[in-house]
Amino acid sequence: MAREVRSEKILTPDFTLTCSSAFLFWTVVNLLLPTMPVYALAVGGTEAHMGLVVFSYTVVVFVIRPFVGQWNERLGPSRLMRPGAAVMILTAAAYFFVRDPWSLMAVRAMQGVGMGLYSTSASTLIAFAAPPRRRGEALGIYSTSLSVTLAIGPALGMFVVNSLDFRTLFVITSILTALAAGMTFSVDRAGRYRPATPQAGKLVNEAAFLPSLMAFAAYFAYGGLTSYIPIYAVERGLANPGLFFTAYAGAAILVRTVGGRLSDVFGRTRVVIPASVCTCVAMWWLSMASDAWAVLVVGILYGTGTGMLYPTLMAQAVDRAAPQERGSAMATFLAILELGITSGAMTASLISERASISAIWAVAGSVGFLGLISYSFQSARESRSIATTETRRHGG
């Protein structure tokens, strides 16, 4: 088992290097997120290829996460971050040789392997490096850096492509990847976060299910937002739909560290419940929105809710797992959250064909509410069980 961190200091060299390398790697991912579907057309693809280019990356990341979590418990996170970084370097170079949509899909799948290895392991290392009593705050800082890349990366990527060309974009992503990889190879040289003895490792960690399923419910709406808010916002008078995501990302960035810290002080559940209420109210409000201002306020409200939920639920997933099982706990959490986003996108597509876009938000809010009810019930049940055990232990 990796050694526990006893210092209350968050900004250690390993923590800082991991956050910095994650920021650069996620910047690369978000620079490519909106531009690679366009590039598929540029190399002779069709609209169908555009979707497959996105799918080839996301499905590989999703599938590989549980295995990476298991390997983390056997080898330690830093030993998987490094091969992940190496694959990212190879991928950055491979983009220069893409000549058709099929080779582009192969490169995107390879990048999914790299990010699946790196991001799951980096999150696990942060969980180990964080002082237990400041775990929520530490994960809030880490996740804030990732939110910033989502806020700036897609717009910057499209700007580079529209103003210059794809080759320039690939030069930029190659430089950022090289810098990130250099930092990654400097993390945990002392082997502090490697298991003292090899662990069998878990593929799925049941201890992480409660916070993971709450994350599924809260982020279910996000899948629909990415696809349908541009149309819906314009219909409500918001000329630039991108402002919704600016409002969302801005709010999420501002509250993530605060939310994580509050959960350290007051407890995870006391942050999760009001934050989840924010996400539900946001979706129900959006379903009834009649003007641009309402759409923007919803963006702020949903960003506030998910911004507080992400580090808090991630910290809770780690809290509930045994120290030697943090790798699988983190992988389980991230995989189920991503499954929520994907399920939300698929459900939104089905609803849009049979009802109105407004119905998408109403359903998303209801899914979030069901998740909140289930989470609250199970949390209360566990609290009563703990209280009963303590009473018996003290002879009450």
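The values are calculated or read from the model by the stated rules, or taken from the named source; none is laboratory data. Please read all numbers here as calculations on a predicted model, not as lab measurements. With ideal geometry, Cβ positions are generated from the backbone for all residues, glycine too; neighbour counts draw on all protein chains shown.
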(message) Based on this model, can you work out whether VAL318 counts as buried (at least 24 other Cβ atoms within 10 Å of the Cβ), over 23 Å from ASN240 (Cα atoms) and in contact with a Lys or Arg (Cβ under 9 Å, 6 or more places away or on another chain)?
(response) yes
(request) Could you list all residues from segment 25-45 that are farther than 12 Å from MET115 by Cβ, aliphatic (A, V, I, L, M) and either part of a helix (DSSP H, G or I) or out of contact with any Lys or Arg (no Cβ under 8 Å at 6 or more places or on another chain) (or both)? (result) LEU31, MET36, VAL38, ALA40, LEU41, ALA42
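Let's see how each residue does on (1) of a type outside the set (Phe, Trp, Tyr); (2) outside the structural domain of TYR310 (by TED's automatic domain parsing); (3) within 30 Å of ALA292 (Cβ to Cβ); (4) at pLDDT 90 or above:
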{"site": "ALA155", "(1), (2), (3), (4)": "yes, yes, yes, no"}
{"site": "ARG194", "(1), (2), (3), (4)": "yes, yes, no, no"}
{"site": "ALA218", "(1), (2), (3), (4)": "yes, no, yes, yes"}
{"site": "THR246", "(1), (2), (3), (4)": "yes, no, yes, no"}
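Each row is one residue, and each column tells you yes or no for (1) touching a Lys or Arg at 6+ places or on another chain (Cβ under 6 Å); (2) assigned to a helix (DSSP H, G or I); (3) modelled with pLDDT of 95 or more.
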site: GLY259; (1), (2), (3): no, yes, no
site: VAL277; (1), (2), (3): no, yes, yes
site: SER290; (1), (2), (3): no, no, no
site: GLY305; (1), (2), (3): no, yes, yes
(message) Anything in segment 155-182 that is surrounded by 19 or more Cβ atoms within 10 Å (Cβ to Cβ) and not hydrophobic (A, V, I, L, M, F, W, C)? List them, or say none.
(response) GLY157, THR173, THR177
(message) When the residues of segment 1-47 are narrowed to those that are among the small types (Gly, Ala, Ser), more than 25 Å from the chain's Cα centre (by Cα) and at pLDDT below 85, which ends up surrounded by the most Cβ atoms within 10 Å (Cβ to Cβ)?
(response) GLY45
(message) With out of contact with any helix residue (DSSP H, G or I) (no Cβ under 7 Å at 6 or more places or on another chain) and assigned by TED's automatic domain parsing to the domain that holds PRO83 as the only criterion, which of SER145, SER123, SER174, SER163 stands out?
(response) SER163
(message) I'd like the full set of residues that are surrounded by fewer than 24 Cβ atoms within 10 Å (Cβ to Cβ) and more than 14 Å from ALA22 (Cβ to Cβ), limited to segment 108-129.
(response) ALA109, MET110, GLY112, VAL113
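Here's the yes/no breakdown for (1) touching a Leu at 6+ places or on another chain (Cβ under 8 Å); (2) of a type in the set (Gly, Ala, Ser); (3) in contact (Cβ under 8 Å) with a residue 40 or more places away in the chain; (4) in the same structural domain as SER78 (by TED's automatic domain parsing):
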position	(1), (2), (3), (4)
GLY307	yes, yes, yes, no
PRO311	yes, no, yes, no
ALA321	no, yes, yes, no
GLN324	no, no, yes, no
ALA348	no, yes, yes, no
(message) When the residues of segment 58-83 are narrowed to those that are polar (S, T, N, Q) and more than 15 Å from ILE126 (Cβ to Cβ), which ends up modelled with the highest pLDDT?
(response) GLN70
(message) Please pick out the residue among PHE128, PHE170 that is under 13 Å from SER78 (Cβ atoms) and not hydroxyl-bearing (Ser, Thr, Tyr).
(response) PHE128
(request) Quick one: which residue in ALA252, ALA247 is crowded, with 24+ Cβ neighbours inside 10 Å, in contact (Cβ under 8 Å) with a residue 12 or more places away in the chain and either polar (S, T, N, Q) or assigned to a helix (DSSP H, G or I) (or both)? (result) ALA252
(request) Test THR168 against the criterion of being modelled with pLDDT of 95 or more and part of a helix (DSSP H, G or I), and give yes or no. (result) yes
(request) Among what's in segment 53-63 and is surrounded by 21 or more Cβ atoms within 10 Å (Cβ to Cβ) and under 15 Å from the mean Cα position of the chain (by Cα), pick the residue that is nearest to TYR95 (Cα to Cα). (result) TYR57
